[in-house]
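**Student:** Next up is a structure, given as structure tokens.
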């Protein structure tokens, strides 16, 4: 089965961490510097920058340098990184009721013979 969602693992990896989800929530209110984002967390800056890199790799955020300051924002140039995850989940959401219906039909054969 071909991988219809090639960036799915990157998106879920990014969303799997509470720190990164918090950063995304903060950035939904507007751009922020790495320093501003890092203030909310009790970790060394190099460790925090790894979180920023994971978000960028997944296509969820972007950053640019302005002098010595790195400004992060949600990725608006390439929207759809979250759509990848949403599409995958929607596909599963559609599949499970069909499978449940098939199972119910199969089991009903046995229910009818028990009477």
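Bear in mind these aren't lab numbers, they're just calculated from the coordinates by the rules spelled out. Just so it is clear, the structure is predicted and the values come from calculations on it, not from any experiment. Glycine gets a Cβ as well: all are built from the backbone with ideal geometry, and neighbour counts include every protein chain shown.
**Student:** Build a GNM of the chain with springs between Cα atoms under 10 Å: which of 35, 59, 67 gets the top mean-square fluctuation?
**Tutor:** With Cα springs under 10 Å in the chain, the top fluctuation among 35, 59, 67 is at 67.
**Student:** While we're here: Under a crude label model (7 Å from the Cα following the beta-carbon direction), how far is residue 25 from residue 69 in nanometres?
**Tutor:** 2.5 nm
**Student:** Now, a different point. On full extension of the chain, what length is gained from residue 91 through residue 36, given 0.36 nm per residue of separation minus the C-alpha to C-alpha distance? It would help to have the intermediate numbers written out before the result.
**Tutor:** Values: separation 55, 0.36 × 55 = 19.80 nm, distance 3.74 nm.
Here the answer is 16.1 nm.
**Student:** Taking the Cβ-Cβ separation of residue 7 and residue 50 as r and a Förster radius of 22 Å, what is the calculated FRET efficiency to the nearest 0.05? Working shown, then result.
**Tutor:** On the way: r = 19 Å, r/R0 = 0.86.
Once the sixth-power term is evaluated, E becomes 0.70.
**Student:** With axes computed from alpha carbons, what is the tilt in degrees of helix 18-27 against the longest principal axis of the chain, rounded to the nearest 10 within 0 to 90?
**Tutor:** So the inclination is approximately 70 degrees.
**Student:** Using only Cα atoms, tell me the angle between helix 45-57 and the longest principal axis of the chain; keep it within 0 to 90° and round to the nearest 10.
**Tutor:** Value to nearest ten degrees: 50.
**Student:** Continuing with the same structure: For the chain, with a Gaussian network of springs between Cα atoms less than 10 Å apart, report the residue from 70, 21, 99 with the top mean-square fluctuation.
**Tutor:** Maximum fluctuation in the GNM of the chain, among the listed residues, is at 99.
**Student:** Sticking with this one: Taking only DSSP H segments of four or more residues, each worth -39500 (n - 2.57), what value at 222 nm results for the chain once the sum is divided by all its residues, to the nearest 500 deg cm²/dmol?
**Tutor:** Details: 5 runs with 69 residues, N = 115.
Only helices count here, giving -19500 deg cm²/dmol.
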